[in-house]
Amino acid sequence: MFYIEGEGIDNAAVEERIARILSYLGKDGDFSVHFISDDEIRKLNSEYRGKDEPTDILTFAISDGDSFPEVEGEPLDLGDVFISLESMRRNAAAFSVTEDEELSRLLIHGILHLLGYDHATNDFSAEPMLIRQEEMMRTLDFVHDIG
């Protein structure tokens, strides 16, 4: 079960993508996805990461803190994902991809973080998490060739 909050986004399309991602991973869990402004994500980034700048995505996994007991048969509580739509749109333009593609990439990225994956750099050719992310983009047909 997941909760989506924010303006300027097609909730049904986001729900469908999240369901496909979770199904592909064979995972289930409770988490929320919040679509916020650059200013809001900058404040979170400053408070929690010491970086006073906007970023495209922040993920707060419950597993980052104290361990929580798992109840057999119940979905796992995963945490929260925050996505800046402004940063997502800038990324799409910078990487010459559609906004839909970039949004899908961020959703995969956030869910992988919630599930315990991490990366030290943004090297898409060396970081196992980012390699998996891009494989999922292709497998789930979230990559859109244009032009």
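The values are calculated or read from the model by the stated rules, or taken from the named source; none is laboratory data. Since the model is a prediction, treat every value here as computed from it, not as a measurement. Glycine also receives a Cβ, built like all others from the backbone with ideal geometry; neighbour counts cover every protein chain displayed.
Looking only at residues that are part of a helix (DSSP H, G or I) and in contact with a Lys or Arg (Cβ under 9 Å, 6 or more places away or on another chain) in region 115-135, which one is surrounded by the fewest Cβ atoms within 10 Å (Cβ to Cβ)? Once the filter is applied, the top-ranked residue is GLU134.
Please specify each residue of region 46-57 satisfying the condition of being over 14 Å from ASP80 (Cβ atoms) and buried (at least 18 other Cβ atoms within 10 Å of the Cβ). Listed by number, the residues that qualify are PRO54, ASP56. Scan region 21-36 and tell me whether some residue there is under 24 Å from LEU140 (Cβ atoms), among the small types (Gly, Ala, Ser), modelled with pLDDT under 95 and crowded, with 16+ Cβ neighbours inside 10 Å. Yes, there is a match, as at least one residue in region 21-36 is under 24 Å from LEU140 (Cβ atoms), among the small types (Gly, Ala, Ser), modelled with pLDDT under 95 and crowded, with 16+ Cβ neighbours inside 10 Å. Among the residues making up region 94-105, a single one is of a type in the set (A, V, I, L, M, F, W, C) and buried (at least 22 other Cβ atoms within 10 Å of the Cβ): LEU103. Within region 2-20, the only residue that satisfies the criterion of being loosely packed, with under 14 Cβ neighbours inside 10 Å and on the phi > 0 side of the Ramachandran plot is GLY8.
Output the residues belonging to region 23-64 that are among the small types (Gly, Ala, Ser) and part of a helix (DSSP H, G or I). Result: SER23, SER46, SER63. Whenever a residue of region 4-23 is over 16 Å from VAL81 (Cα atoms), its partners that are of a type outside the set (Ser, Thr, Tyr), lying with C-beta atoms within less than 7 angstrom and at least six residues away or across chains, give the pairs GLY8/PHE35; GLY8/LEU85; ARG20/LEU140.
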